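Peer 1: This structure is in structure tokens; I'll ask about it shortly.
The values are calculated or read from the model by the stated rules, or taken from the named source; none is laboratory data. What you see is a predicted model, and the numbers here were worked out from it, not measured in a lab. No Cβ is skipped: glycine too gets one built from the backbone with ideal geometry, and neighbour counts run over all protein chains shown.
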Amino acid sequence: MKTSLVTRASSPCERRQRGLEARVTITSKKGKELKPYIICHMVTTIDGKILPDRWGKIPGPKSSGSLFEDTAASFGIGAWIVGTKTLKEFSHRPFKLPATKGTVGLEDFVARPDAKTLAIGVDVDGSTFWKSDEVDGDHVVLLITERTTRAYRAHLRAASVSYLVCGKQEVDLKRALDKLSRAFRLKKLMLQGGGKMNGSFLNEGLVDEISQVIVPVVDGGIGISSFFDIVDPPPKAAAHLRQMSYKKLPGGVNWFRYRVL
Ligand SMILES: NC(=O)c1ccc[n+]([C@@H]2O[C@H](COP(=O)([O-])OP(=O)(O)OC[C@H]3O[C@@H](n4cnc5c(N)ncnc54)[C@H](OP(=O)(O)O)[C@@H]3O)[C@@H](O)[C@H]2O)c1
């Protein structure tokens, strides 16, 4: 069996440098796939861990939540995307879904194509529940798969939550970005965790910029979620970066921005 040299011997960083993966637009057999410019923004400890619940009161005047929100808001980007675990922090607790009347197929459902701000999450099999189509005023859009049930899709429609079907078993991220770009005319997107979601995007060469707000804390835990958790780790470093800016914030907090090379 022939093994692809690209898969075996190169990291995502090397593949990008050799031009084997395009960054801004991706060309597929169907033509040009659209991709928004993606900034991955997180607050981390100096050892790259991302679970603020473990940090206690951090040095300085701001909480980790305020640091995250204030720095994120300074980008002026209205759309953010998260993994399923992080998404659950914003959704309703689970409840029993009513029986479905009628047919709910596998076509995409865009409840508010003119929504100006978006809260986007991956949910492959329908494990998040919604009573509203908004998170803090941002319209909820789920990236789902054909594994979701008709009852679940009917639930999303009833709650006016938009959804895009992006694969049979798993969400194809490139397809998802193309669909999001077209459905909502998305040009820029903030990728906001958690570590596995960030890792998937980085591993597929989809991250354009990284924004890291570092609090003066050492987590120290082995196996604690970190900035980029790539499930099938690349043989070499996942990315090389060029520093774009640095800002010192009160309380010994440091904010770095990098371009992914
Ligand atoms: N410090 C910060 O700035 C910050 C920001 C955001 C989040 N967080 C924290 O991060 C923690 C969660 O991080 P996490 O890494 O465990 O979870 P996560 O990235 O939020 O979610 C990962 C899960 O998403 C699902 N998934 C589906 N398709 C995926 C894909 N293509 N790539 C990656 N995941 C996919 C998988 O769940 P299934 O297997 O169930 O499908 C996967 O286990 C939370 O505690 C949150 O509070 C911190």
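Peer 1: Looking at 210, 224, which one is β-branched (Val, Ile, Thr), crowded, with 20+ Cβ neighbours inside 10 Å and either at pLDDT 95 or above or under 30 Å from residue 112 (Cβ atoms) (or both)? Lay out the reasoning, then the answer.
Peer 2: On the way: 224 fails: crowded, with 20+ Cβ neighbours inside 10 Å.
Of 210, 224, the one residue that is β-branched (Val, Ile, Thr), crowded, with 20+ Cβ neighbours inside 10 Å and either at pLDDT 95 or above or under 30 Å from residue 112 (Cβ atoms) (or both) is 210.
Peer 1: Moving on. Hey, among the residues in the stretch 158-176 that are surrounded by fewer than 19 Cβ atoms within 10 Å (Cβ to Cβ) and at negative phi, which one's farthest from the ligand (Cβ to nearest atom)?
Peer 2: Residues of the stretch 158-176 that are surrounded by fewer than 19 Cβ atoms within 10 Å (Cβ to Cβ), as a first pass: 158-160, 167-170, 172, 174-175.
From what's left, at negative phi: 158-159, 168-170, 172, 174-175.
Details: 158: 23, 159: 20, 168: 13, 169: 10, 170: 6, 172: 9, 174: 11, 175: 11 Å.
It comes out as 158.
Peer 1: Another question about this same structure. When only residues in the stretch 81-101 that are within 16 Å of the ligand (Cβ to nearest atom) and hydroxyl-bearing (Ser, Thr, Tyr) count, which is farthest from the chain's Cα centre (by Cα)?
Peer 2: Checking each candidate, the answer is 91.
Peer 1: Also, quick follow-up: If the requirement is being modelled with pLDDT of 95 or more, within 16 Å of the ligand (Cβ to nearest atom), under 30 Å from residue 247 (Cα atoms) and under 18 Å from the mean Cα position of the chain (by Cα), which of these qualifies: 65, 78, 126? Full working, then the answer.
Peer 2: Working: 78 fails: within 16 Å of the ligand (Cβ to nearest atom); 126 fails: under 30 Å from residue 247 (Cα atoms).
Within the list 65, 78, 126, the selection yields 65.
Peer 1: I'd like to verify a number: residues in the stretch 115-141 that are more than 20 Å from residue 194 (Cβ to Cβ) and aliphatic (A, V, I, L, M), how many?
Peer 2: Result for the stretch 115-141: 1.
Peer 1: May I pose another question? Would you confirm whether any residue within the stretch 99-115 is within 21 Å of residue 41 (Cα to Cα) and hydrophobic (A, V, I, L, M, F, W, C)? Walk me through how you get there before you give the answer.
Peer 2: Of all residues in the stretch 99-115, those within 21 Å of residue 41 (Cα to Cα) come to none.
No: the stretch 99-115 contains no residue that is within 21 Å of residue 41 (Cα to Cα) and hydrophobic (A, V, I, L, M, F, W, C).
Peer 1: Is it the case, given these coordinates, that residue 230 is under 16 Å from the mean Cα position of the chain (by Cα), within 14 Å of the ligand (Cβ to nearest atom), under 21 Å from residue 47 (Cα atoms) and surrounded by fewer than 21 Cβ atoms within 10 Å (Cβ to Cβ)? Talk me through it step by step, then tell me what you get.
Peer 2: On the way: under 16 Å from the mean Cα position of the chain (by Cα): yes; within 14 Å of the ligand (Cβ to nearest atom): yes; under 21 Å from residue 47 (Cα atoms): yes; surrounded by fewer than 21 Cβ atoms within 10 Å (Cβ to Cβ): yes.
Here the answer is yes, as residue 230 does meet what is asked.
Peer 1: Considering only residues of the stretch 177-189 that are buried (at least 21 other Cβ atoms within 10 Å of the Cβ) and not basic (Lys, Arg), which is nearest to the ligand (Cβ to nearest atom)? Quick ask: steps written out before the conclusion?
Peer 2: Step one: list which residues in the stretch 177-189 are buried (at least 21 other Cβ atoms within 10 Å of the Cβ), which gives 177-180, 184, 186, 189.
Then drop every residue that is not not basic (Lys, Arg), which leaves 177-178, 180, 184, 186, 189.
Values: 177: 12, 178: 15, 180: 14, 184: 19, 186: 18, 189: 14 Å.
For the stretch 177-189, the residue satisfying everything is 177.
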